[in-house]
Amino acid sequence: ALASDPGGTLNFLAMVENLQGDSGRGYYLEMLIGTPPQALNILVDTGSSNFAVAGVPDPDVTSYFNPELSSTYRSQGIEVTVKYSQGSWTGVLGTDVITMPKGLSGSYTINIATILESENFFLPGVKWHGILGLAYDALAKPSSSVETFFDSLVRQAKIPNIFSLQMCGAGLPVSGSGTNGGSLVLGGIEPSLYMGDIWYTPIKEEWYYQVEILKLEVGGQNLELDCREYNADKAIVDSGTTLLRLPEKVFSAVVQAIARTSLIQEFSSGFWTGSQLACWDRTEKPWSLFPKLSIYLRDENSSRSFRISILPQLYIQPILVIGDNLQCYRFGISSSTNALVIGATVMEGFYVIFDRAQRRVGFAVSPCAEADGSPVSEIEGPFTTADVASNCVSSVSFHEPVLWIASYALMSLCGIILLVLIVLLLIPPRCQHRYTDNDVVNDESSLVRHRWK
């Protein structure tokens, strides 16, 4: 990988273990912002595209960036609001210089949003003070013209358009000490962070890291759903999402399959929905009671697939100790209304390569993905795709299908109205209706002006 870097600015080993955090509260990177530098911890999020930091004091953050103290900060005076699946914030866009103590050498000028107001974004106990969106500029707010953090690095540092991510929290308590390790390697792949081969799946669309999932298995048994159900309405790889999130129909099928194959006969429904914990004596390890979960992804060769599998140590997650005897666990899978999200629950099992240059996401087994000395993740392949559809993702991929349908319906209506108006204009004057002021359709109320986008 270093051969592609004749200047020698890339030292991937210097980036090993540059992250801290856990799957419950996210993994973060230390960054120095402004002149003189202000040190902040920044959450690594492959499911969004803005770089934003707390810009005013907040009860839930221990540090914030004060632009008034930086001689290199330049405000762009543009307000920006970003909404996530949980939480939102509003801030102001600006630029400043950043350096990364355990990242690329040198300093770089980056677009930064300073967060002035937020709701359910900074949460009690989090040890990060901002967010590093590593997805594509299509998701950047307020528009895709805002150059993303990683695009700025690629342009200024002249590094390859690829980064890779390892999050080491397998089998460790969720929301614990926040000192689990992890690595964000900017510009390439570090061989010490994976074992075996890297398996690649194509990026279907460059906004989120959208991939194509072909099928799911629980305990080696295929769920037998139409493969389009797994991609409804998208399947993405997102380090900023805590759990494995599944479309509602898929989630129901997975829960039923786990309950059926589990060695536990009676199980509270509240455990599956996330409202209740399940507790065992601390001397017991409940993981042997649950099945393995496998996700099949389409290979770069579309007639082949490979599967990534997680053992229960990754999705039955220790979260709380009660008294001297009980260890309580949560279910690391939840339902979603609009996506299948490969979040930290799965990503902690793998070294994940975001190869933007070749439009693909790679998975390899991570050496830190083990519990009690045994691996908790697997990759196997290739398998034939003869038993699944040639395309499990809608060929016309609209980000908001319902709005697009409504948009076309409204535009069709506009066309009809316009045609009627033209016909009326061509009718001799004596046949025309004499309009009153109340009949006039002004520009403010026209469908063309207010059509949905």
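Every number in this text was worked out from the coordinates using simple rules, so none of it is lab data. Bear in mind the structure is a predicted one, so any value in this text is a computation, not a measurement. Reconstructed Cβ throughout: ideal geometry from the backbone, glycine too, with neighbour counts over all protein chains shown.
Taking Rh as the Kirkwood radius computed over C-alpha pairs, what is the Stokes-Einstein D of the stretch 17-159 at 25 °C in a medium of viscosity 0.890 mPa s, expressed in µm² per second? D, rounded to a whole number, is 164 µm²/s. Using θ = phi - 60° in the Karplus curve 6.51 cos²θ - 1.76 cosθ + 1.60, the 3J(HN,Hα) couplings for the stretch 201-207 round to 10, x, 7, 6, 8, 8, 9 Hz; x is entered for Gly and Pro.
I need the calculated FRET efficiency for the pair Thr261 and Asn120, taking r as the beta carbon distance and R₀ as 41 Å, to the nearest 0.05. Before the final figure, lay out each step's value.
Working: r = 36 Å, r/R0 = 0.87.
Taking R0 as 41 Å, the efficiency between Thr261 and Asn120 is 0.70.
Length gain on complete extension for the stretch Asn338 to Asp387, per 0.36 nm per residue less the alpha carbon to alpha carbon distance?
Working: separation 49, 0.36 × 49 = 17.64 nm, distance 2.54 nm.
Length gained between Asn338 and Asp387: 15.1 nm.
Under Stokes-Einstein, with the Kirkwood radius over Cα pairs standing in for Rh, what whole-number D in µm²/s applies to the stretch 164-261 at 37 °C and 0.692 mPa s?
Details: Rh = 16.2 Å.
Reported coefficient: 203 µm²/s.
The mean sequence distance of close C-alpha pairs (under 8 Å, at least 6 residues apart), as a share of the length of the stretch 208-337, puts its relative contact order at 30 percent.
Toward the positive end of the charge dipole of the stretch 165-384, with +1 on the Cβ of Lys and Arg and -1 on the Cβ of Asp and Glu, the farthest Cα among Trp287, Leu340, Ala170 is that of Leu340. A simple rule links phi to the HN-Hα coupling: the Karplus curve 6.51 cos²θ - 1.76 cosθ + 1.60 with θ = phi - 60°, which for the stretch 187-198 gives x, x, 10, 9, x, 6, 8, 8, 10, x, 8, 9 Hz, with x for Gly and Pro.
Remind me, relative contact order of the stretch 145-270 in percent, using alpha carbon pairs under 8 angstrom and six or more residues apart?
Details: 102 pairs, mean separation 18.9, N = 126.
Relative contact order, the stretch 145-270: 15 percent.
Compute the Rg/Rh shape ratio of the stretch 279-363: radius of gyration over Kirkwood radius, all on alpha-carbon atoms. Mind showing how you got there, number by number?
On the way: Rg = 16.6 Å, Rh = 15.3 Å.
Radius of gyration relative to Kirkwood radius: 1.09.
All C-alpha to C-alpha distances of the stretch 1-94, sorted into 10 Å bins beginning at zero, yield P(r) values of 12, 36, 34, 15, 1 percent in whole numbers.
Estimate the FRET efficiency between Glu380 and Ser303 by the formula 1/(1 + (r/R0)^6), using the beta-carbon distance for r and 22 Å for R0, to the nearest 0.05. The formula returns an efficiency of 0.85 here.
Between amide H atoms placed 1.01 Å from N, distances below 5 Å from Ser335 occur with Leu246, all of them 5 or more places distant or on a separate chain.
Rg then Dmax, both in Å and based on the Cα atoms of the stretch 165-384: 16.8, 53. Out of the stretch 296-365, which chymotrypsin sites (Phe, Trp or Tyr not before Pro) are coil in DSSP terms and have no more than 13 other C-beta atoms within 10 Å? Listed in order of number, the matching sites amount to none.
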